Amino acid sequence: MTSDTGDEARDPSPDDGGSLAVWERAMALLIGFAALGGGAVAVFASANQAGTAGLLVIALAFLVIGTQGTPLIKLSSGEQSLELTRKRIRRELTEQAESAPTAEVANAYEDAAAIVDGSWRDTSFASARGYERDVFTAIHNLYPHKVFEPQSADSPYDFYFEANGVTVAVEVKYRAKGPLSHRELEAIADQMRGKGLPLLVVTNAPLSPRVSEVGEALTNRLEPVTAVRWTGPFSGRDLKDAIRRLISSAEEM
């Protein structure tokens with residue numbers, strides 16, 4: 001026999017009652033401090049006082065999560081008391097992601113929501129790292145023992161490889177949603193100015209129509225840049241063709 005009395009107020013999910021891991025607490029503190037600063041400024045600068053104040057509440061919630069190491073938070077102010085669970089915070093962050101002005105901001109909110117829910121592997125950061133490893137492996141399979149990590153951590157590209165006597169830099173651009181825009185491609189290309197290397201931009205995202213137009217001009221410059229969509233072995237031919245075109249352009253310069 002079961003009873004609904006008193007059970008509805010409690011989420012049976014095992015995550016709600018357990019303590020958080022050290023990395024979860026550290027990440028919650030980092031997000032909390034960052035959101036607290038941005039929210040405080042927004043309260044005074046924005047006309048949407050309710051929305052920005054809500055961001056402050058979320059920021060404080062993150063800080064309490066990180067400090068106490070517990071998914072249940074109780075924030076009190078005067079006569080008001082607010083209890084937020086990780087699921088409640090995740091919902092707030094997800095709603096913010098849906099109305100975010102840019103894809104990058106949306107990804108940040110979604111990552112924060114996944115961290116609150118204890119799903120680090122679901123974050124776009126984790127997915128991006130996995131995608132970068134896959135691209136590295138795919139190019140290494142084409143050019144064994146000729147793919148290298150950059151010597152400097154401040155390098156504007158992720159790795160480079162050598163083919164037909166040409167050194168090619170590779171920038172991996174993972175997108176959780178939406179196409180790669182021509183502005184993003186131009187920004188990536190600008191970071192490579194003066195490096196003396198052709199650049200291959202590999203992305204999992206669809207290429208916006210303007211990328212093709214901008215790509216023509218970037219391919220013909222002194223340091224040619226080519227963008228290609230690669231989503232796995234089935235798009236291996238596209239990757240090979242893009243590399244061949246890029247090397248051909250570099251040899252003509």
Search result, residues across region 214-230 that are surrounded by fewer than 14 Cβ atoms within 10 Å (Cβ to Cβ) and over 13 Å from residue 199 (Cβ atoms):
216, 217, 220
Flagged in region 122-174 as among the aromatic types (Phe, Trp, Tyr) and in a helix (DSSP H, G or I), in numbering order, are 125, 131, 136
Residue ID - farthest from residue 223 (Cα to Cα), chosen from residues in region 172-191 that are charged (D, E, K, R) and touching a helix residue (DSSP H, G or I) at 6+ places or on another chain (Cβ under 9 Å):
177
Name the residues in region 146-161 that are among the hydroxyl-bearing types (Ser, Thr, Tyr) and free of Cβ contacts under 8 Å to residues at least 40 places away in the same chain, would you?
152, 155, 160
Quick one: in region 218-249, which of the residues that are out of contact with any strand residue (DSSP E or B) (no Cβ under 7 Å at 6 or more places or on another chain) and basic (Lys, Arg) is nearest to residue 184 (Cα to Cα)?
221
Is it fair to say residue 250 is within 30 Å of residue 97 (Cα to Cα) and in contact (Cβ under 8 Å) with a residue 12 or more places away in the chain?
no
When the residues of region 181-212 are filtered to those that are modelled with pLDDT of 90 or more and within 12 Å of residue 229 (Cα to Cα), which remaining residue is farthest from the chain's Cα centre (by Cα)?
200
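The values are calculated or read from the model by the stated rules, or taken from the named source; none is laboratory data. This is a predicted model, so every value here is computed, not measured. Glycine gets a Cβ as well: all are built from the backbone with ideal geometry, and neighbour counts include every protein chain shown.
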